[in-house]
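Visitor: Sharing a structure with you now.
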Amino acid sequence: MKIAFPATGTDLSCLLDGRFGRAPRFLVVDSETNSYQTIENDGNADASQGAGIQSAQAVIAAGATAVVSVHFGPKAFQVFEKAGIKTLQADIAPISDLMDKFRQGVLPRMQGPDKAGHAG
Amino acid sequence: MKIAVASGKGGTGKSTFSVALALANRDRARLVDCDVEEPNAHLFLRGGESTSTPVWASVPEVDASLCDACGKCTSFCQYNALALAGSAGLMVFPELCHDCGGCILVCPNKALSERKVLRGTIESRVIDGTLELVTGRLEVGSPSAPTVIRAAIENPPALRRRVTIFDAPPGTACSFASCVHQADHCVLVTDPTPFGLHDLDLAIEAIQGMSKPFSVVINRSNGDDDLASRHCRRRGIPVLMRIPERREIAECYSNGGSLLDADPSMGERLRALLDDLHFHVSGGPIL
Amino acid sequence: MSPKEIVVLSGKGGTGKTSLTAAFATFAKKTVLADCDVDAANLHLLLTPRVTETGTFGGGHEASIREADCTSCGLCAELCRFGSVSEIDGWFGISNCEGCGVCVEFCPAKAIDWKPSVTGTWMVSDSIAGTMVHARLRPGAENSGKLASLVRKLARDQAQAQGADIVLIDGPPGIGCPAIASLTGASAALVVTEPTPSGLHDLERILDLASHFSVPARVLVNKWDLNPELTERIETLAQGKGCSVAQRLPYAKEFTQSQMAALPIPLRFPGSELAGRIEEIWKETQSWSMS
């Protein structure tokens with residue numbers, strides 16, 4: 001299965017980005033092969049409103065079935081919930097470490113959005 | 001003739017002035033309160049039966065049986081108000097929607113239709129049978145002030161009057177622009193403080209960008225040598241009127257009274273002021 | 001640990017919001033300032049900022065008609081829901097564009113350009129009360145809400161980089177886009193009002209907005225002695241809406257005099273009774289916002 005991470009860099013050694021909708025890019029990692037795909041998020045990172053919604057849409061379109069982030073805004077959370085994508089919470093760490101934790105099944109499920117939305 | 005009464009900064013006495021101007025000219029002017037975020041003129045102009053008209057906006061609604069998730073609408077929307085949630089299909093976020101209608105037009109499958117949501121209300125009243133007040137009021141939490149301003153300005157007049165006065169929103173952003181844009185002349189109300197002058201200059205820059213003629217009224221003035229008067233003289237800006245700084249005016253206002261209650265001689269001056277403006281805009285008297 | 005964001009709002013303009021924010025800033029330790037009143041920014045007039053970093057801000061796109069290619073069919077005017085397309089003697093033009101892109105998409109002659117618009121400038125500055133982030137919107141421009149969001153974000157980044165505990169936001173008047181952008185997700189709102197019918201009326205609307213976005217609010221009546229009776233009513237209303245009430249402030253000439261001197265009240269009138277009162281209000285507000 002494929003897992004998406006907001007990323008500060010472009011490979012698995014980079015850190016998880018603390019933001020979701022306004023992260024610079026996402027890494028979508030295949031849990032079987034450990035290969036990954038990079039989705040640039042530049043258009044959304046600067047959006048006045050709805051950045052989380054569009055980022056969620058991009059991650060879903062890339063085929064992710066789970067997403068790992070420090071925070072989730074209410075609208076992005078709504079999109080994931082409707083699409084049946086698992087939302088998992090993690091602290092900032094290298095993405096390769098988070099993949100290990102994911103495989104061990106120790107990343108907690110997010111119960112709801114923890115960030116207020118931004119209107120514009 | 002349409003006159004917008006505006007001010008870069010809030011709290012300069014813009015509404016006080018437009019209410020007094022309308023009261024003194026009630027036989028020939030009507031007042032439209034375009035400060036839809038915080039309409040205030042009705043607090044000083046009471047009475048009369050009110051007719052209320054809702055302002056609707058159209059947000060999209062999806063018919064899931066027709067939507068094939070092609071993504072045309074989501075990539076078209078400039079406001080990120082639509083999203084595809086994988087196999088669960090299209091989601092709409094009405095609170096982000098600016099009612100442009102584009103998604104409905106681009107959908108190749110006619111899967112989107114319009115659903116009405118309330119953005120504000122327009123209230124119209126005639127006070128003592130002579131003065132018409134139209135008030136636009138934005139729904140709390142709604143993003144579309146310009147829509148409600150347009151509806152207030154376009155609301156059919158209850159009385160035939162030569163002049164319409166717009167009480168414009170403060171600031172210099174889109175709400176301000178969408179009101180001033182509709183006027184023939186803009187009167188800027190300022191106070192002689194550094195904040196007032198700074199914001200007056202911003203408002204002037206905005207108005208010059210729209211090529212609108214304008215003039216200035218100085219509120220809480222300490223005479224013709226105060227900060228604002230000197231500033232206007234230096235920049236060659238016409239000053240229509242000075243309203244003196246007096247505690248009884250502030251107290252009268254705080255009790256819901258108008259400028260005319262605080263100083264009855266103001267009536268004649270405000271009539272002359274409107275005559276002058278009409279001459280300036282139309283080249284002749286108000287007939 | 002993300003910083004607390006305390007936003008100072010007013011509903012109605014001219015209540016003394018900016019003078020008070022600047023005064024609070026002189027007492028606030030480990031604080032970054034954000035002027036989110038981007039339509040009519042005034043905080044810089046009191047805090048003598050020295051700009052250290054600046055950038056432009058694009059607020060989306062703007063449509064414009066290329067006269068040479070326009071066939072004057074009028075479809076753009078028909079489709080535009082914002083009344084931004086006007087016709088004079090068969091010539092079509094766009095002003096005050098909302099940036100929705102409908103006319104661009106559907107123009108049969110493809111005669112409408114779609115250019116990114118530069119609508120403002122943001123600045124990070126050193127000021128006499130610490131780091132402040134402020135901005136200038138191109139007058140008449142769209143998207144002041146978006147610029148306010150950007151100023152807040154830059155201020156949060158500054159606070160995080162400096163290890164500051166608080167972002168103190170000078171919010172815009174009104175309840176529209178920029179007010180929403182300043183309020184959503186803030187930790188607490190201090191609403192400055194005055195005892196006038198407009199003050200009371202606008203306060204109700206801004207408190208509704210704060211509760212709509214679940215931001216706890218505290219109400220401060222400035223110039224209370226102009227109308228003690230109305231002050232009572234305002235404070236009762238605030239309590240009725242579940243808000244806390246701060247100490248009142250009297251009608252004081254020091255507000256204008258400090259503005260004239262381009263200084264915050266506590267620096268223009270150090271040790272004055274008014275400055276002392278403002279310091280108390282700040283301390284109380286700070287501990288209230290932490291509770």
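The values are calculated or read from the model by the stated rules, or taken from the named source; none is laboratory data. Not measured: the values here are computed from a predicted model. When we count neighbours, we look across all protein chains shown, and the Cβ atoms used for this are built from the backbone with ideal geometry, even at glycine.
Visitor: Mind listing just one residue for me: the one in the stretch C:152-174 that is within 12 Å of chain A (Cβ to nearest Cβ) and in contact with a Ser or Thr (Cβ under 9 Å, 6 or more places away or on another chain) and, of those, nearest to C:Cys97 (Cα to Cα)?
Guide: C:Arg152
Visitor: On to the next question. Going by the structure shown, is B:Val180 over 30 Å from B:Cys232 (Cα atoms) and either crowded, with 19+ Cβ neighbours inside 10 Å or in contact with a Phe, Trp or Tyr (Cβ under 8 Å, 6 or more places away or on another chain) (or both)?
Guide: Against the criterion (over 30 Å from B:Cys232 (Cα atoms) and either crowded, with 19+ Cβ neighbours inside 10 Å or in contact with a Phe, Trp or Tyr (Cβ under 8 Å, 6 or more places away or on another chain) (or both)), B:Val180 does not qualify.
Visitor: Can you confirm whether A:Gly112 is modelled with pLDDT under 90 and surrounded by 23 or more Cβ atoms within 10 Å (Cβ to Cβ)?
Guide: Here the answer is no, as A:Gly112 does not meet what is asked.
This table checks each residue for (1) among the polar types (S, T, N, Q); (2) away from chain B (no Cβ under 14 Å); (3) more than 12 Å from the chain's Cα centre (by Cα).
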{"position": "A:Val70", "(1), (2), (3)": "no, yes, no"}
{"position": "A:Lys75", "(1), (2), (3)": "no, no, yes"}
{"position": "A:Gln78", "(1), (2), (3)": "yes, no, yes"}
{"position": "A:Thr87", "(1), (2), (3)": "yes, no, no"}
{"position": "A:Ala93", "(1), (2), (3)": "no, yes, yes"}
{"position": "A:Ser96", "(1), (2), (3)": "yes, yes, yes"}
{"position": "A:Phe102", "(1), (2), (3)": "no, yes, yes"}
{"position": "A:Pro108", "(1), (2), (3)": "no, yes, yes"}
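Visitor: Report whether or not B:Cys103 is buried (at least 16 other Cβ atoms within 10 Å of the Cβ), within 14 Å of chain A (Cβ to nearest Cβ) and assigned to a loop (DSSP other than H, G, I, E, B). Before you say what the answer is, go through the steps one by one.
Guide: On the way: buried (at least 16 other Cβ atoms within 10 Å of the Cβ): yes; within 14 Å of chain A (Cβ to nearest Cβ): yes; assigned to a loop (DSSP other than H, G, I, E, B): no.
Judged against the criteria, B:Cys103 is not a match.
Visitor: Here is a further query. Can you tell me which residue among B:Pro39, B:Pro54 is part of a strand (DSSP E or B) and of a type outside the set (Ser, Thr, Tyr)?
Guide: So the residue among B:Pro39, B:Pro54 that is part of a strand (DSSP E or B) and of a type outside the set (Ser, Thr, Tyr) is B:Pro54.
Visitor: Answer yes if at least one residue in the stretch B:16-31 is outside any helix (DSSP H, G or I), of a type in the set (Val, Ile, Thr), within 30 Å of B:Ala262 (Cα to Cα) and in the same structural domain as B:Asp261 (by TED's automatic domain parsing), and no otherwise. Reasoning before the result, please.
Guide: Quick first cut of the stretch B:16-31, residues outside any helix (DSSP H, G or I) only: B:25-31.
Subset that is of a type in the set (Val, Ile, Thr): none.
No, that holds for no residue.
Visitor: So, in the stretch B:130-141, of the ones that are out of contact with any Leu (no Cβ under 6 Å at 6 or more places or on another chain) and crowded, with 21+ Cβ neighbours inside 10 Å, which residue ends up nearest to the other protein chains (Cβ to nearest Cβ)?
Guide: Step by step, filter the stretch B:130-141, then rank; the result is B:Leu138.
Visitor: So, of the residues in the stretch C:218-265 that are at the interface with chain B (Cβ under 10 Å from one of its Cβ atoms), part of a loop (DSSP other than H, G, I, E, B) and not aromatic (Phe, Trp, Tyr), which turns out to be farthest from B:Phe195 (Cα to Cα)?
Guide: Once the filter is applied, the top-ranked residue is C:Asn227.
Visitor: While we're on this one: Report yes if some residue within the stretch B:235-245 is surrounded by fewer than 17 Cβ atoms within 10 Å (Cβ to Cβ), farther than 20 Å from B:Gly11 by Cβ and of a type in the set (Gly, Ala, Ser); otherwise report no.
Guide: Yes, the stretch B:235-245 has at least one match.
Visitor: Now, a different point. Being buried (at least 18 other Cβ atoms within 10 Å of the Cβ) and assigned to a loop (DSSP other than H, G, I, E, B) is the filter here, so list the residues in the stretch C:71-80 that pass it.
Guide: If the condition is that a residue be buried (at least 18 other Cβ atoms within 10 Å of the Cβ) and assigned to a loop (DSSP other than H, G, I, E, B), then C:Cys80 is the only one that fits.
Visitor: If you go through the stretch B:176-187 one residue at a time, do you hit one that is closer than 30 Å to C:Ser258 by Cβ and within 9 Å of another protein chain (Cβ to nearest Cβ)?
Guide: Yes - at least one qualifying residue is present in the stretch B:176-187.
Visitor: Could I ask something else about it? In the stretch C:192-209, which residues are surrounded by fewer than 24 Cβ atoms within 10 Å (Cβ to Cβ) and either more than 9 Å from every other protein chain (Cβ to nearest Cβ) or in a strand (DSSP E or B) (or both)?
Guide: C:Glu204
Visitor: Of the conditions (1) within 8 Å of chain C (Cβ to nearest Cβ); (2) over 19 Å from B:Ser18 (Cβ atoms), B:Ser144 satisfies every one except a single condition; which number is it?
Guide: (1)
Visitor: Within the stretch B:115-125, is even one residue crowded, with 17+ Cβ neighbours inside 10 Å, of a type in the set (Ser, Thr, Tyr) and within 14 Å of chain C (Cβ to nearest Cβ)?
Guide: yes
Visitor: Further question on the same structure: Quick one: would you say B:Ala81 is surrounded by 18 or more Cβ atoms within 10 Å (Cβ to Cβ), within 24 Å of A:Val59 (Cβ to Cβ) and touching a Phe, Trp or Tyr at 6+ places or on another chain (Cβ under 7 Å)? Even if it seems obvious, please write down each step before you answer.
Guide: Numbers: surrounded by 18 or more Cβ atoms within 10 Å (Cβ to Cβ): yes; within 24 Å of A:Val59 (Cβ to Cβ): yes; touching a Phe, Trp or Tyr at 6+ places or on another chain (Cβ under 7 Å): yes.
Taking the combined requirement at face value, the residue satisfies it.
Visitor: Pick from B:Ala111, B:Ala83, B:Ala173: which is within 30 Å of A:Ala83 (Cα to Cα) and within 13 Å of chain A (Cβ to nearest Cβ)?
Guide: B:Ala83
Visitor: Counting residues that are free of Cβ contacts under 8 Å to residues at least 24 places away in the same chain, which strands (runs of 3 or more DSSP E) fully inside the stretch A:1-95 reach at least 1?
Guide: Output list reads A:25-30, A:36-40, A:86-89.
Visitor: Return the total of residues in the stretch C:30-53 being out of contact with any Asp or Glu (no Cβ under 8 Å at 6 or more places or on another chain) and either away from chain B (no Cβ under 14 Å) or surrounded by 24 or more Cβ atoms within 10 Å (Cβ to Cβ) (or both).
Guide: The total comes to 7.
Visitor: Which residues, taken from the stretch C:82-114, are modelled with pLDDT of 90 or more and either under 27 Å from the mean Cα position of the chain (by Cα) or among the β-branched types (Val, Ile, Thr) (or both)?
Guide: Answer for the stretch C:82-114, where residues must be modelled with pLDDT of 90 or more and either under 27 Å from the mean Cα position of the chain (by Cα) or among the β-branched types (Val, Ile, Thr) (or both): C:Val85, C:Ile94, C:Cys100, C:Val102, C:Val104, C:Ile112.
Visitor: Now for a different question. Against the condition among the polar types (S, T, N, Q), surrounded by 20 or more Cβ atoms within 10 Å (Cβ to Cβ) and within 11 Å of another protein chain (Cβ to nearest Cβ), how does B:Ser254 come out, does it pass?
Guide: The answer is yes for B:Ser254.
Visitor: Could you tell me which residue of the stretch C:2-15 is farthest from C:Val192 (Cα to Cα), considering only residues that are part of a loop (DSSP other than H, G, I, E, B) and in contact with a strand residue (DSSP E or B) (Cβ under 6 Å, 6 or more places away or on another chain)?
Guide: Top of the filtered list is C:Pro3.
Visitor: Has the stretch B:74-96 got any residue that is closer than 24 Å to B:Cys34 by Cβ, in a loop (DSSP other than H, G, I, E, B) and modelled with pLDDT under 95?
Guide: Looking through the stretch B:74-96, at least one residue is closer than 24 Å to B:Cys34 by Cβ, in a loop (DSSP other than H, G, I, E, B) and modelled with pLDDT under 95.
Visitor: Just to be sure I understand the filter: pairs with C-beta atoms under 8 Å, separated by 6 or more residues or on different chains, first member in the stretch C:204-226 and touching a residue at least 12 places away in the same chain (Cβ under 8 Å), second member basic (Lys, Arg) and surrounded by 17 or more Cβ atoms within 10 Å (Cβ to Cβ). Which pairs pass?
Guide: Taking only residues 6 or more apart or on different chains, the pairs are C:Leu220/C:Arg248; C:Val221/C:Arg248; C:Asn222/C:Arg248; C:Trp224/C:Arg248.
Visitor: Now for a different question. On the given criteria, is C:Phe27 in contact with a Pro (Cβ under 8 Å, 6 or more places away or on another chain), surrounded by 18 or more Cβ atoms within 10 Å (Cβ to Cβ) and at pLDDT 95 or above?
Guide: yes
Visitor: All but one of (1) more than 9 Å from chain B (Cβ to nearest Cβ); (2) surrounded by 17 or more Cβ atoms within 10 Å (Cβ to Cβ); (3) over 30 Å from C:Ser10 (Cβ atoms); (4) modelled with pLDDT under 95 hold for C:Phe57; state the number of the condition that does not hold.
Guide: Unmet for C:Phe57, out of (1) more than 9 Å from chain B (Cβ to nearest Cβ); (2) surrounded by 17 or more Cβ atoms within 10 Å (Cβ to Cβ); (3) over 30 Å from C:Ser10 (Cβ atoms); (4) modelled with pLDDT under 95: (3).
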